[in-house]
Amino acid sequence: MSTPDLEARAVVKRFASHTAVNQLSFTVERGSFFSILGPSGCGKTTLLRMIAGFIAPDDGDILIGGRSMAGIAPNRRPVNMVFQQLALFPMMTVGENVAFGLARRGVARAERQRKSESMLERVGLSGAAHKKVDELSGGQRQRVAIARSLVLEPTLLLLDEPLGALDLKLREHMKIELKQLQAAFGTTFVYITHDQSEALVLSDHVGVMNKGRFEQLGTPQELYYSPATPFVAGFVGANNKIVGHAVRAHAGMVDLATDSGWQLSARAIGSVAANDPVEAFVRPEAASLARQPGELPPGQPAYRGEVESLLFDGANSAVLLRESATKLEFRIALPQTGRFADLRVGETIHFSFDPERAACFTIRGDASA
Amino acid sequence: MLGLLLAPALLWLLALIILPHVDLALLSFRERIAPREFQTSFAQYRTFFSESIYWQIFVRTAVMSAIATLLTLLLAFPVAWTIAKLARGRASSLLFVVCLIPFWVSETVRTLGWMILLRESGVLPGLLVKLGITAVPVEMLYHDATILVGLVYTSLLFMVVPLVGSLESLDNALIEAAYNLGGNGWSVLRKIVIPHAAPGITAGCIVVFMLTLGNYLTPNLLGGKSSQWFTEQIYNQFIVRFNWEQGAAFGFLLLVLSTSMVWVGLRLSGQRFGEVMRRS
């Protein structure tokens, strides 16, 4: 097995009042797209700045390409970074921006120009070298920022929420473009974001970060289908959260009841014992809708609810309903067939879900977030 | 309505700037041929170029002013950098006030302060004797270096203010990005910081150069008879020799020559005046 491009060993960073990064260890394989996903304030920016060398860890070590980065200044690391606001140099042309790093390495002018032009061509900006930075569109600037870093052939490219400033349409487009660029160059990307959709679409592996630690590290599919903690279940993708207590635990399954008396079953994650306070998560697309109870998938517990509102969003349309007896809110994705296009607010409808596809966790003192 | 609002400023401009200048201009193109008899001529301007002492003093004043401006820039830049980039919140405003406080005292008093420090029987020569560095007190006034010290001290604030403004607007991410791409302290300063701060630097230099060139008090008090400052020549023509025509011509020469020097400076540094004045 080759040495990983990035390895963190028990990295700690404390600020005056809190620990921003707490005993974090992970590795990123060569050529992979690794995302760090977390809410703002979870420590992901601190972690990225430690990798880039702008701040030093209080404890632990960061290795890039197998080499310890302790005491190595940011301008001597084989790491380049795409900043949140891109930080292109407005006093230079696009070509000078791309050639900046090469010039610092003492590459001759002609060679610099040749390399930066061929790099601009690779990111689809041939002929833009003489343009001013402010003549470019948001997406083009993004590509210049990436070209400026990749022309130095770094071991690692760090990206600090570079899509945050773009409008939705362009963001969707740039997501695809980033993934294609990463595949084309084969450079290891470390990407931080608070947007779970960006992390899921782009990454080979995602670390979900909360309060300075990784809650779970895995492929996007693992995070989505088998969340390891309630935080991951709630943060990655849409989820119905049902809080109650365990009535009975048996063979990996839990029967739980809410305080208002709704009884349901779910798969236990970790140890769940009877009478534990628990929370269960059900994906909107894991539940089925039916006008007649007989049309629901057989063998699943069936429930009834009133339609509270219809959330039309094209392919992501959903219905928000309230369970009839307890008035608890529940969200169900509408099937793409258009079968429920005529659904009305206030209508009573039957629904069910497979308990195997619902995840149930014991609520522990500090994991309520 | 707009005219009414601008009236005080326009009145000020007309009565105190334009009218006296028109009168001085007329005065400078006059030559006295007999008592109370005058004729239009360029004689006053010719004197400036034909009597080498006058244009030599002017060149000396300009060179000394340029040196003073450069020294002020070199001294003010680290100060401005500290205020704009290193100090945070209260500390930053406190440092600014510290720079400002000397200017609550009039220039005359500040310059007299320097004289108390530097004259032969003053504080500093006395201290040097006490420390055994010099055997007898040294006269520290009336040197070119003394004039420069006084001028730099007087001008510092006028350089710090535009520099702080232009450095504060520099995004820290640009500096970090430059380091991230392999830059070091020197190349970041040369490629990122100075190009960004150029309008502020230019504005500060223009203001300091003009103030220094037109300064009368500091060169005269600290330089004494050997100051050889051009404003002293203008003063002498008006007050000592009562030759208003010559004084007016010198005044205009100072205005035209200093303006053209600023213009050349702007051209050489690739800056535009409007841009400089707007950005700083």
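Is there a residue in the range B:135-152 that is farther than 25 Å from B:ALA203 by Cα, in contact (Cβ under 8 Å) with a residue 60 or more places away in the chain, out of contact with any Phe, Trp or Tyr (no Cβ under 7 Å at 6 or more places or on another chain) and of a type in the set (D, E, K, R)? Checked the range B:135-152: at least one residue is farther than 25 Å from B:ALA203 by Cα, in contact (Cβ under 8 Å) with a residue 60 or more places away in the chain, out of contact with any Phe, Trp or Tyr (no Cβ under 7 Å at 6 or more places or on another chain) and of a type in the set (D, E, K, R).
Kindly indicate which of A:ARG143, A:ARG122, A:ARG148 is away from chain B (no Cβ under 14 Å) and either among the aromatic types (Phe, Trp, Tyr) or out of contact with any Asp or Glu (no Cβ under 9 Å at 6 or more places or on another chain) (or both).
A:ARG122
State whether one or more residues within the range B:170-183 are part of a loop (DSSP other than H, G, I, E, B) and away from chain A (no Cβ under 14 Å). Within the range B:170-183 (the criterion being part of a loop (DSSP other than H, G, I, E, B) and away from chain A (no Cβ under 14 Å)), the answer is no, since none of the residues qualifies. Within the range A:74-114, being in contact with a helix residue (DSSP H, G or I) (Cβ under 8 Å, 6 or more places away or on another chain) and more than 26 Å from A:LYS131 (Cβ to Cβ) holds for A:PRO74, A:ASN75, A:ARG77, A:VAL79. Being part of a strand (DSSP E or B) and within 14 Å of chain B (Cβ to nearest Cβ) is a property that holds for A:LEU158. Within the range A:103-118, the residues that satisfy the criterion of being within 14 Å of another protein chain (Cβ to nearest Cβ) and either in contact with a strand residue (DSSP E or B) (Cβ under 9 Å, 6 or more places away or on another chain) or surrounded by fewer than 23 Cβ atoms within 10 Å (Cβ to Cβ) (or both) are A:ALA103, A:ARG104, A:ARG105, A:GLY106, A:VAL107, A:ARG112, A:LYS115. Candidates B:ILE17, B:ILE53: the one that is closer than 19 Å to B:VAL207 by Cβ and out of contact with any Asp or Glu (no Cβ under 8 Å at 6 or more places or on another chain) is B:ILE17. Residues that are part of a helix (DSSP H, G or I) and in contact (Cβ under 8 Å) with a residue 12 or more places away in the chain were ranked within the range A:125-140; the one that is nearest to the other protein chains (Cβ to nearest Cβ) is A:VAL133. With respect to the conditions (1) in contact (Cβ under 8 Å) with a residue 40 or more places away in the chain; (2) of a type in the set (Lys, Arg); (3) more than 24 Å from A:TYR225 (Cα to Cα), A:ARG357 falls short on a single one, namely (3). Within the bounds of the range A:230-250, is there any residue that is under 12 Å from the mean Cα position of the chain (by Cα), within 27 Å of A:GLN142 (Cβ to Cβ) and either buried (at least 20 other Cβ atoms within 10 Å of the Cβ) or among the charged types (D, E, K, R) (or both)? So far as the range A:230-250 goes, yes, one or more of its residues are under 12 Å from the mean Cα position of the chain (by Cα), within 27 Å of A:GLN142 (Cβ to Cβ) and either buried (at least 20 other Cβ atoms within 10 Å of the Cβ) or among the charged types (D, E, K, R) (or both). If you go through the range A:319-366 and keep only what is among the acidic types (Asp, Glu) and either surrounded by fewer than 18 Cβ atoms within 10 Å (Cβ to Cβ) or more than 13 Å from A:VAL282 (Cβ to Cβ) (or both), you end up with A:GLU329, A:ASP342, A:GLU347, A:ASP354, A:GLU356, A:ASP366.
So that you can scan it fast, the table gives a plain yes or no per residue for (1) of a type in the set (Phe, Trp, Tyr); (2) farther than 19 Å from A:LEU102 by Cβ:
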| residue | (1), (2) |
| --- | --- |
| B:ALA177 | no, no |
| B:ASN180 | no, no |
| B:PRO195 | no, no |
| B:ALA198 | no, yes |
| B:ILE201 | no, yes |
| B:CYS205 | no, yes |
| B:PHE209 | yes, yes |
| B:ASN215 | no, yes |
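The lone criterion from (1) within 14 Å of chain A (Cβ to nearest Cβ); (2) in a helix (DSSP H, G or I) left unmet by B:VAL161 is number (1).
Within the range B:214-235, being touching a residue at least 60 places away in the same chain (Cβ under 8 Å), more than 17 Å from B:ALA249 (Cβ to Cβ) and assigned to a helix (DSSP H, G or I) holds for B:LEU217, B:THR218, B:PRO219, B:LEU221, B:LEU222, B:GLY223, B:GLY224, B:LYS225, B:SER226, B:SER227. Counting only strands (runs of 3 or more DSSP E) that fall entirely inside the range A:2-101 and contain at least 1 residues that are within 14 Å of another protein chain (Cβ to nearest Cβ) and in contact with a Ser or Thr (Cβ under 9 Å, 6 or more places away or on another chain), the qualifying elements are A:59-64, A:79-82.
Only the coordinates and a few stated rules stand behind these numbers; no lab work does. In this text the structure is predicted, and so the values were computed from the model without any measurement. All Cβ positions, glycine included, derive from the backbone under ideal geometry; neighbour counts span all protein chains shown.
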